[in-house]
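A.B. asks: Supplied in structure tokens, the structure appears directly below.
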Amino acid sequence: MPSAAPLLTVICNVHNDAARLPRAVGSALAAYDGPVVEVLVVDDGSTDDTGAVADRLAAEDDRVRVVHRGVNDGAPGAPRNLGLDEARGDWVAFVDSDDTYVAGSLRRLLEAAVAQDADVAAGAVARYNERTDRVTPLPATGYTTGPVDPLSPGSPLWQDTIAVAKVMRRALLDEEAIRFPEGILYEDQPFTVALWSTARRVATLDEVVYHWYVNNVAGEESITARRHEIANVHDRLAANRAIDVQLTGRPDLASAKLDKFVRHDLSLYGKDLDARDPDYRTAFLAAVRDYLTELPAELREGLDQPYRLAIRELVDGSTESAVAACLFAYRRLHVDRPLALRADRWWWPYRPAGEASADHDLTSVVATEHARRRRIWTVTCREVHVVQGALHLSGTVVDGDDGIGARARLTVSLVDRDTGARLSSAVARLRPDGAFDAALELPPRGAAATPGKAWDVRVDVVGALRSRLPVRTRKPHPVELPTTVALPSLDGIEAYRTRNGNLSLRPSGDGAGPAGDVG
């Protein structure tokens with residue numbers, strides 16, 4: 001072990017992850033190559049050989065230290081706090097055992113922090129899919145190089161609530177008693193909000209510094225990706241309650257914090273409520289309603305539509321209306337029934353005129369869509385089967401703002417996700433009840449061997465809609481796929497439901513997306 005205190009301590013909490021731990025530790029050392037960095041591995045009560053692997057890494061490199069924590073409570077807060085207590089560096093950073101830093105990135109972050117006299121320096125994160133080698137930057141962490149002011153109502157820092165991809169001055173954390181809440185998931189959020197609201201200056205880099213390895217296979221998701229478990233909802237609400245307590249002395253940030261919760265946290269659950277069972281929906285609505293009613297009602301007045309509608313229905317609407325409002329707000333203005341047109345204004349159809357308020361007036365939403373030359377309509381697949389090498393599907397279209405009209409036709413296409421090219425297409429007649437049938441040629445057998453390939457089913461309206469709009473809709477609609485629809489077996493190709501709930505195809509066994517709903 002080096003006798004001199006290091007400049008930077010990188011804390012890596014790990015539980016039963018022996019296979020990937022060496023990769024994470026090696027990436028942290030490569031991200032600040034030199035003698036002034038230490039990687040502090042906190043073995044969080046592992047029951048496999050993770051502890052032995054950590055000890056071996058420390059024996060092989062004196063820049064690695066290990067602390068063994070004998071218990072595990074299923075959440076990262078306690079081991080991260082232990083790491084902060086044991087850290088020796090003037091600066092600290094975090095790496096998860098299943099992720100990696102980009103070579104040299106921690107050095108560049110620390111140099112930016114010192115050069116700009118900042119308490120924190122942050123860079124961008126990218127999702128990395130090991131099976132397809134797809135790298136997708138997270139927009140929430142896409143910074144422009146330069147200093148950022150501390151947390152304010154309109155700050156981009158609201159979107160970056162993860163502890164990784166940053167270097168932090170340890171003195172600030174100690175002086176302000178900034179630590180992670182323990183025993184819950186999403187502990188990053190209260191931690192980073194406290195960090196952003198107390199830092200004098202935040203330096204940023206406009207480059208990806210961190211790879212977040214994502215596994216979307218149903219049943220194998222990371223603990224924070226298990227949004228289909230109601231305990232996950234309770235942990236996220238607990239994290240938000242902790243933030244509310246932190247910001248008690250900052251009433252100027254209350255509206256912005258609610259806006260962040262509504263746009264981001266709630267959307268992760270709200271867009272999939274139709275895929276959950278009745279018990280989950282009941283528990284979800286009760287938990288969210290309890291949380292929202294704790295907040296001052298006047299905070300909701302500043303929310304944009306359709307988020308204000310979703311919150312109103314979550315607070316005092318029926319279960320059916322609350323679920324529908326969440327889908328409308330969080331899934332491309334999804335509609336299960338047409339909007340109501342009364343006195344030249346568009347209204348939420350689940351509330352009769354006598355119960356409607358300004359929160360249910362969606363005229364501005366419709367006007368915005370029309371200004372963009374778009375209409376509000378939803379395409380849902382009801383049945384999928386294969387006949388003579390072609391994909392046959394039956395579906396329905398809900399015309400939300402009476403924009404399609406009678407005798408319209410649909411163009412149903414199979415679109416290459418990467419290039420946007422149409423692999424096959426068919427024209428289908430839209431019947432008066434909104435139903436349609438279409439058959440699409442499947443990708444050739446050779447295409448199914450292409451790693452990471454995926455094809456999306458898309459629908460556009462031709463005929464009546466075109467005459468009503470100055471130009472065609474900007475891009476075709478995806479076809480939503482309920483979890484109740486049985487999918488056929490194909491030769492070398494798999495039909496699946498994407499993370500956003502849409503019908504797509506991919507080579508069998510490929511990791512481009514989940515085979516079923518993963519929330």
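The values are calculated or read from the model by the stated rules, or taken from the named source; none is laboratory data. Computed from a predicted model, the values in this text were never measured in an experiment. Neighbour counts run over all protein chains shown; Cβ positions are idealised from the backbone, glycine included.
A.B. asks: Inspect all residues belonging to segment 146-163 and state whether any of them is in contact (Cβ under 8 Å) with a residue 40 or more places away in the chain, in a helix (DSSP H, G or I), surrounded by 18 or more Cβ atoms within 10 Å (Cβ to Cβ) and on the phi < 0 side of the Ramachandran plot.
C.D. replies: Yes; the residues of segment 146-163 include at least one that is in contact (Cβ under 8 Å) with a residue 40 or more places away in the chain, in a helix (DSSP H, G or I), surrounded by 18 or more Cβ atoms within 10 Å (Cβ to Cβ) and on the phi < 0 side of the Ramachandran plot.
A.B. asks: Can you tell me which residue in segment 165-198 is surrounded by the fewest Cβ atoms within 10 Å (Cβ to Cβ), limited to those that are of a type in the set (A, V, I, L, M, F, W, C) and closer than 16 Å to Gly123 by Cα?
C.D. replies: Among them, the one singled out is Trp196.
A.B. asks: Considering only residues that are buried (at least 22 other Cβ atoms within 10 Å of the Cβ) and among the hydrophobic types (A, V, I, L, M, F, W, C), which ones fall in segment 93-111?
C.D. replies: Ala93, Phe94, Val95, Leu106, Leu109, Leu110
A.B. asks: While we're here: Could you tell me which numbered condition Tyr213 fails, if it satisfies all but one of (1) modelled with pLDDT of 95 or more; (2) under 16 Å from the mean Cα position of the chain (by Cα); (3) of a type in the set (Phe, Trp, Tyr)?
C.D. replies: Here Tyr213 meets the rest and fails (1).
A.B. asks: Only one of these conditions is not met by Asp206: (1) touching a helix residue (DSSP H, G or I) at 6+ places or on another chain (Cβ under 6 Å); (2) modelled with pLDDT under 95; (3) of a type in the set (Asp, Glu). Which number is it?
C.D. replies: (1) is the only condition that Asp206 fails.
A.B. asks: Need the failing condition index for Phe328 against (1) touching a His at 6+ places or on another chain (Cβ under 7 Å); (2) touching a residue at least 24 places away in the same chain (Cβ under 8 Å), just the number.
C.D. replies: Only one criterion is unmet by Phe328, namely (2).
A.B. asks: Within segment 125-145, work out how many residues are at pLDDT below 95, surrounded by 15 or more Cβ atoms within 10 Å (Cβ to Cβ) and within 29 Å of Ser255 (Cβ to Cβ).
C.D. replies: Going through segment 125-145 one residue at a time, the tally reaches 5.
A.B. asks: From the list Thr145, Thr141, Thr100, exactly one residue is in contact with a Lys or Arg (Cβ under 9 Å, 6 or more places away or on another chain) and polar (S, T, N, Q). Which is it?
C.D. replies: Working: Thr145 fails: in contact with a Lys or Arg (Cβ under 9 Å, 6 or more places away or on another chain); Thr141 fails: in contact with a Lys or Arg (Cβ under 9 Å, 6 or more places away or on another chain).
Going through Thr145, Thr141, Thr100 in turn, the sole match is Thr100.
A.B. asks: Out of (1) under 24 Å from Ala203 (Cα atoms); (2) surrounded by fewer than 20 Cβ atoms within 10 Å (Cβ to Cβ); (3) of a type in the set (S, T, N, Q), what's the single condition that is false for Asn72?
C.D. replies: (1)
A.B. asks: Output the number of residues of segment 464-489 satisfying the condition of being surrounded by 18 or more Cβ atoms within 10 Å (Cβ to Cβ) and modelled with pLDDT under 75.
C.D. replies: 2
A.B. asks: Using the structure shown, decide if Val233 is within 19 Å of the chain's Cα centre (by Cα) and at pLDDT 95 or above.
C.D. replies: Working: within 19 Å of the chain's Cα centre (by Cα): yes; at pLDDT 95 or above: yes.
Spelling it out, Val233 is indeed within 19 Å of the chain's Cα centre (by Cα) and at pLDDT 95 or above.
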